[in-house]
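Written below as structure tokens is the structure these notes are about.
The values are calculated or read from the model by the stated rules, or taken from the named source; none is laboratory data. Since this is a predicted model, take the numbers as computed values, not measurements. Note that each Cβ is placed from the backbone with ideal geometry, even for glycine, and that neighbours are counted across all protein chains shown. Ligands, DNA and RNA are stripped out before the accessible areas are found, and what is left, the full protein with its side chains, is counted by its heavy atoms. Shrake-Rupley method; radii C 1.70, N 1.55, O 1.52, S 1.80 Å.
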Amino acid sequence: SELQDCIPSPNTVEGLSEASAITAVLNTFLGELDAEQRALFVRRYWFAKSIGDLVRLTGYSESKIKSILYRLRSKLKVHLEQGGIAL
């Protein structure tokens, strides 16, 4: 649900065709992140790790993790818009 504002739903034919474009833009976005940011993003949004899990894994405070993830979602939104993905 956190990514709902960044990634459109693929519930339509048009949405399904956008899915491959989104995948390409997302891969580029992840490739541009440093290793730590990429690991946090993937752990949270691909492996569905909780904020608490990320706190334990990194040793960062909960507020720092939330702040990093917020900034990453904001960057992703901009990246998708620049990649021509309508939000």
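Looking at segment 31-67, which of its residues are of a type in the set (Ser, Thr, Tyr) and surrounded by 12 or more Cβ atoms within 10 Å (Cβ to Cβ)? Residues satisfying the conditions are TYR45, THR58, TYR60, SER67.
For first residues located in segment 37-65 and acidic (Asp, Glu), partners that are part of a helix (DSSP H, G or I) and lie 6+ apart or on another chain with Cβ distances below 6 Å form the pairs GLU62/ILE51; GLU62/VAL55.
Taking segment 68-87 as the search range and keeping residues that are assigned to a helix (DSSP H, G or I) and open to solvent by less than 50 Å² (accessible area, probe 1.4 Å), which one is nearest to THR23 (Cα to Cα)?
LEU80
Note on segment 18-30: among residues that are among the hydrophobic types (A, V, I, L, M, F, W, C) and within 12 Å of the chain's Cα centre (by Cα), the one that is most open to solvent (accessible area, probe 1.4 Å) is LEU26.
Which pairs turn up if I take residues in segment 8-34 that are under 13 Å from GLY83 (Cβ atoms) and outside any helix (DSSP H, G or I) and look for partners that are at pLDDT below 80 and open to solvent by less than 70 Å² (accessible area, probe 1.4 Å) with beta carbon separation below 8 Å, at least 6 apart in sequence or on another chain? Close Cβ pairs satisfying both conditions: PRO8/GLY15; PRO8/GLU18; PRO8/ALA86. Exactly one residue out of VAL55, VAL25 is at pLDDT 85 or above, touching an Asp or Glu at 6+ places or on another chain (Cβ under 6 Å) and hydrophobic (A, V, I, L, M, F, W, C): that is VAL55.
Taking into account only those residues within segment 35-52 that are among the aromatic types (Phe, Trp, Tyr) and assigned to a loop (DSSP other than H, G, I, E, B), which is modelled with the highest pLDDT? This residue is PHE47.
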